[in-house]
1. Taking the condition at pLDDT 85 or above, within 19 Å of residue 92 (Cα to Cα) and within 23 Å of the chain's Cα centre (by Cα), does residue 163 pass?
2. Residue 137 fails exactly one of the following numbered conditions: (1) within 17 Å of residue 97 (Cβ to Cβ); (2) surrounded by fewer than 17 Cβ atoms within 10 Å (Cβ to Cβ); (3) modelled with pLDDT of 85 or more. What is the number of that condition?
3. Could you grab me the full set of residues in the stretch 99-113 that are farther than 17 Å from residue 170 by Cα and either crowded, with 20+ Cβ neighbours inside 10 Å or modelled with pLDDT of 90 or more (or both)?
4. How do the helices (runs of 4 or more DSSP H) wholly within the stretch 5-94 filter down when requiring 3 or more residues that are at pLDDT below 50: which remain?
5. List pairs: first residue in the stretch 1-14 and free of Cβ contacts under 8 Å to residues at least 12 places away in the same chain and on the phi > 0 side of the Ramachandran plot, second residue assigned to a loop (DSSP other than H, G, I, E, B) and surrounded by fewer than 10 Cβ atoms within 10 Å (Cβ to Cβ) anywhere in the structure, Cβ distance under 6 angstrom, at least six positions apart or on different chains.
6. Tally up the residues in the stretch 143-160 that are in contact (Cβ under 8 Å) with a residue 60 or more places away in the chain and either over 16 Å from residue 93 (Cβ atoms) or surrounded by fewer than 22 Cβ atoms within 10 Å (Cβ to Cβ) (or both), please.
């Protein structure tokens with residue numbers, strides 16, 4: 001009798017299961033190491049247009065307090081030389097230091113410069129005229145204030161000149177300075193001579 005060699009047909013099921021398991025592992029790794037997904041921040045700033053209640057509007061209009069003048073013991077304030085490099089990283093943080101007034105734009109807006117870097121500074125509304133400060137280009141000033149981003153401009157009390165407001169809108173961040181916290185250290189003429 002002749003022997004007939006019958007080959008058993010192999011099932012494709014182990015291959016299908018293997019591919020499914022491999023896809024499942026790849027998907028799990030993708031989810032674990034995917035860095036493109038941005039998680040919402042725990043604390044977000046509500047845009048002004050989204051504010052609906054009178055309580056929200058009242059909170060939005062309160063100015064961020066300007067810190068008191070720096071003291072020798074106060075090491076919590078960031079030096080001006082640090083924030084001029086990347087001011088947007090220091091929003092809502094107190095700043096203190098000495099810088100040169102590079103350009104005066106308006107009664108309340110001026111550029112300060114240190115180490116070749118500039119940041120736009122805005123004087124907060126002075127409680128009375130005796131506390132107002134008159135800065136001039138070229139002066140060396142000691143000041144302290146708080147870093148704001150351009151979306152916080154509505155928190156500044158008192159009307160800002162249109163030119164000052166436009167410059168704020170063009171900046172990622174600016175420095176809000178209480179006029180009582182600005183001291184002229186050296187006049188422009190003394191620095192030039």
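The values are calculated or read from the model by the stated rules, or taken from the named source; none is laboratory data. Nothing here was measured: the structure is a model prediction, and the numbers come from that model. Note that each Cβ is placed from the backbone with ideal geometry, even for glycine, and that neighbours are counted across all protein chains shown.
1. Details: at pLDDT 85 or above: yes; within 19 Å of residue 92 (Cα to Cα): no; within 23 Å of the chain's Cα centre (by Cα): yes.
Against the criterion (at pLDDT 85 or above, within 19 Å of residue 92 (Cα to Cα) and within 23 Å of the chain's Cα centre (by Cα)), residue 163 does not qualify.
2. If we test residue 137 against (1) within 17 Å of residue 97 (Cβ to Cβ); (2) surrounded by fewer than 17 Cβ atoms within 10 Å (Cβ to Cβ); (3) modelled with pLDDT of 85 or more, just (1) comes out false.
3. Filtering the stretch 99-113 down to residues farther than 17 Å from residue 170 by Cα leaves 99-102, 107, 113.
The answer is 99, 100, 101, 102, 113.
4. Numbers: elements: 13-33, 54-61, 80-83.
Result: 54-61.
5. Close Cβ pairs satisfying both conditions: none exist.
6. Quick first cut of the stretch 143-160, residues in contact (Cβ under 8 Å) with a residue 60 or more places away in the chain only: 143-149, 151-152, 154-157.
Narrowing further to those that are either over 16 Å from residue 93 (Cβ atoms) or surrounded by fewer than 22 Cβ atoms within 10 Å (Cβ to Cβ) (or both): 149, 151-152, 154-157.
Count: 7.
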